[in-house]
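The structure appears right after this line, and notes come after that.
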Ligand SMILES: Cc1cc2nc3c(=O)[nH]c(=O)nc-3n(C[C@H](O)[C@H](O)[C@H](O)COP(=O)(O)OP(=O)(O)OC[C@H]3O[C@@H](n4cnc5c(N)ncnc54)[C@H](O)[C@@H]3O)c2cc1C
Ligand SMILES: Cc1cc2nc3c(=O)[nH]c(=O)nc-3n(C[C@H](O)[C@H](O)[C@H](O)COP(=O)(O)OP(=O)(O)OC[C@H]3O[C@@H](n4cnc5c(N)ncnc54)[C@H](O)[C@@H]3O)c2cc1C
């Protein structure tokens, strides 16, 4: 089987590469073995939230201060500025409405009740322009009886620090009785499925509206619109008071929806998506990757002119650690992080962990390398790249989106 | 100072490990008024950091016959009185190619002398009996080893002590032993929950502080020569072996593989550590290497089995009084009457021994207390079953049968964890039945029961009582659910967030020595969820 481009990994990076290339007429395939980080997505795409522990207000400006081997430096500041500007429309074409500004972080309220800086936020959630004020004074937090994955007291505690008085109310819905009977079913995706069908929505909105008498704002868990995107705007219209949705314990309803919409966009552009297939090995000739073998395709090799590795970090098994080494499991690419196991980690869980910086090494054009030699037609994008602790920096989605768009442009050149 | 404590107890027991728990139970059953004080939580010392082997005594048969016969006696007793804490797996002592088969007959003879039943097995038969054993074994001897759950065992002793009127205080650290004219009359405590000092008085003070007993004794001006011996262990993510596997040779490092519940444990290393390091138990890379290397010899499939956690504990070893060099270490039970030994009345120390000889230790200590108080009452702890193990109690099955035809996973798990006491866990309402921890089948009802009845103060305590966050997901999402519940019943939200951060730190401590493979993948995921999405920081709250 032959494609123009094959992308390994169907997370945010792989889909971004695939869509961008397909938009410009390339025949692409994505091979993806499983769940990706978007399933757990907070609802906000981070570009750069912190540098050396200090909060950043203008991400594009602060990128200049990052280390030379940071993926953003390899993309280059001009490209970063241009590509960051493209992202909202790029996502919009997939049916995903995000807003924000790469020159000025805004804030979102986390489920622990703290304000966190970010770049782009999906329409479900509320953007706050400052971290120390909340536009409303009296908040009503509503949870569903028996739903353990929304921690109302943590939110209340956070809001108290912002001088907001809150009350917490639980609502019982007969439509949830069936899922409540099973001890492990009362989770956000199952609640969202009930609302997706539509019939519980009016009744719930009615109850919420009755309870919200005398409050300025209603806060609910983000359990709306899993497959039926309309439900988000419907609940916003039906709740009479301003509505703030907050993420529940993952998996994330807006995250799963985003993943589905991006995949549909890719497929609508003619892309081929091999779901649940694992790339096992590559075949090289003269510094070029000519084909890959996958689990489901057996002897049939997949060929392409260019390949992109977007297989994620440790949690997606894009890189693997054993007792004494860190490696890239498909091709054995060069990685940074091949150090002694005891130096991978800091004994304090919340410190900057060395292993978080580990990933695949590339040259300045994001070519993968084997024994220091770049592979001409194998590019690397997203969180499989080393050189940054995206968690500490708040740069997760930014690295995935922008390195992917940049790599796609390299291929299209 | 809280002055409201003028009540004088018969006995104050210092230390909430298994020895303290057993002594509290025994004293309370003999009608004494008892106060037990523990600085952190129950089973946070050696009791919560050991191998959980219900020794048959075979391990000590050749080198320490006295310990061996204590073990076999207590082994049989615990099978009776603590049935819900014990797994009767039996054990094999295997001779590997590098071991001397001649040791086997010496071993079997010594077991016989100690009263430990043995059966020499043909290697082929042993392989069939225990398929995980090293297939190259030269010989095998079957012995009545077993596994014991130290948390459960400690908690049921605590519960029974309470049922018999004992008072129990966690988060109360002894900061001084109050003495008056060569007599210990009470203790000064620091209450960590309230940040205040309190004093309690008693006729007799029992020091059951394990290795910390050295320090506690020094507060009373007494010197006990203790030698901390650190031992490290690894927990594997599934149960490789059905029977306990031991090496048939003189005791050495990493030569026991103990199965328990759904996991198995390889241990231990043994290393003298300075006394000032006993609260700083880390597992080094070298420890991990030895444990894996030796473990794989016993059971080759360990090489490919996921390691869940590494941890270390300190054995409370005591040097014989007449040996200041400390070479003559006793591994047996040490009961010190400080009136006779040091001229301080009202103060005794019970230490040394083993997890599984705790009852005998408690009996000896209580006999001494009773003698001093001139109380003439027989010990009954070897006959009366612990709460949760009562044979005649079928009410759990009956009660649940009324609700369900079969028990739910959560109920089965709860019954395994709490024995017949599981009947006190609310069931049957969709709220109580909801699962907090899916891997370990912990329901809301069980969490509420633990908070209400089992002295739970934080998430880490809750994990010790219920196994929340002990499974393969390593506390990712269930920790947050449990924190939400704790927040509803006993913690301020700010505290609950700190608690969650501490919980994650505590888990990381056990995972970082073995952070590779799936473990590092999951840790990274956990970090993204809690720090990335939730914005949890240790100092944010
Ligand atoms: C739990 C979690 C939540 C996060 N939330 C946010 C957030 O809210 N905001 C934010 O900005 N950042 C977030 N991040 C950071 C995140 O890493 C990036 O935002 C981004 O989503 C990563 O995308 P990716 O495509 O590089 O990797 P991934 O999403 O990890 O995708 C990699 C994909 O490759 C597949 N794969 C791996 N190996 C193979 C193989 N051999 N064959 C075939 N397929 C393979 C995997 O199955 C997976 O689907 C989060 C990260 C995690 C782990
Ligand atoms: C690695 C290892 C493996 C082992 N394996 C086994 C085995 O397989 N089988 C077996 O039978 N035995 C085993 N043991 C031995 C067994 O764990 C111990 O003998 C037993 O747990 C000791 O219990 P304890 O209650 O005396 O001491 P501990 O459990 O240490 O209890 C002492 C308590 O006192 C508290 N304390 C300390 N200072 C103060 C203070 N100032 N105020 C209030 N409280 C205080 C501590 O917090 C602690 O909870 C093992 C030990 C180790 C270290």
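The Kirkwood radius of the range A:256-299, taken over pairs of alpha-carbon atoms, gives through the Stokes-Einstein law at 10 °C and 1.306 mPa s a diffusion coefficient of 127 µm² s⁻¹.
Using just the helices of chain A, give the 222 nm mean residue ellipticity in deg cm²/dmol: DSSP H runs with n ≥ 4 each add -39,500 (n - 2.57), and the total is spread over all residues, rounded to 500.
Taken over chain A, the calculation gives -8500 deg cm²/dmol.
As a calculated quantity, the FRET efficiency between residue A:61 and residue B:138 at R0 = 60 Å, using C-beta atoms, amounts to about 0.25.
Please work out whether the range A:49-127 counts as rounded, prolate or oblate from its C-alpha gyration tensor, where a ≥ b ≥ c are the square roots of the eigenvalues and a/c under 1.5 means rounded, while otherwise a/b larger than b/c means prolate and anything else oblate? Since a/c reaches 1.5 but b/c is at least a/b, the shape of the range A:49-127 is classed as oblate. Semi-axis lengths, largest first, of the ellipsoid equivalent to chain A are 39, 24, 20 Å, with √(5λ) applied to each eigenvalue of the Cα gyration tensor. Relative to the longest principal axis of the Cα atoms of chain A, the long axis of helix A:199-211 makes an angle of roughly 50 degrees.
DSSP bridge analysis restricted to the protein assembly as shown gives an antiparallel fraction near 60%, rounded to the nearest 5.
For the range A:279-413, the equivalent ellipsoid derived from the Cα gyration tensor has semi-axes of 26, 18, 13 Å, listed largest first.
For chain B, the share of DSSP beta bridges that are antiparallel, to the nearest 5, is 70%.
So for chain A: antiparallel DSSP bridges make up what percent, rounded to the nearest 5? Expressed as a percentage, antiparallel bridges in chain A total about 50. When the alpha carbon coordinates of the protein assembly as shown are projected onto the principal axes, the ranges are 92, 71, 56 Å, largest first.
Look at where the Cα atoms of the range A:111-158 and of the range A:44-87 average out, and the two centres are 26 Å apart.
Once Rh for the range A:126-246 is found with the Kirkwood sum over Cα pairs, what is the Stokes-Einstein diffusion coefficient at 10 °C and 1.306 mPa s, in µm²/s? Don't skip to the answer; put the middle values down first.
Values: Rh = 14.9 Å.
Translational diffusion coefficient: 107 µm²/s.
Simple spin-label estimate for residue A:209 and residue B:106 gives 8.8 nm between the two label positions (7 Å along the Cα-to-Cβ direction from each Cα).
Structural descriptor for chain A: relative contact order 23 percent, calculated from alpha carbon pairs under 8 angstrom and at least 6 residues apart.
Calculated FRET efficiency, residue A:199 to residue B:490, Cβ-Cβ distance, R0 = 51 Å: about 0.85 to the nearest 0.05.
Helical runs assigned H by DSSP (4 residues or longer) give chain B a calculated mean residue ellipticity at 222 nm of -10500 deg cm²/dmol, each run adding -39500 (n - 2.57) before division by the residue total. Grouping the Cα pair distances of chain B into 20 Å bins from zero gives a pair-distance distribution of 21, 56, 22, 0 percent in increasing distance order. If R0 is taken as 41 Å, the Cβ-Cβ distance between residue A:284 and residue A:99 corresponds to a FRET efficiency of 0.40. Put in order of Cβ neighbour count within 10 Å, fewest first, the listed residues A:93, B:152 become A:93, B:152.
Bear in mind these aren't lab numbers, they're just calculated from the coordinates by the rules spelled out. Everything numeric in this text was worked out from a predicted model, so none of it was measured. A quick note on method: Cβ atoms are made from the backbone with ideal geometry, for glycine too, and the neighbour counts reach across all protein chains shown.
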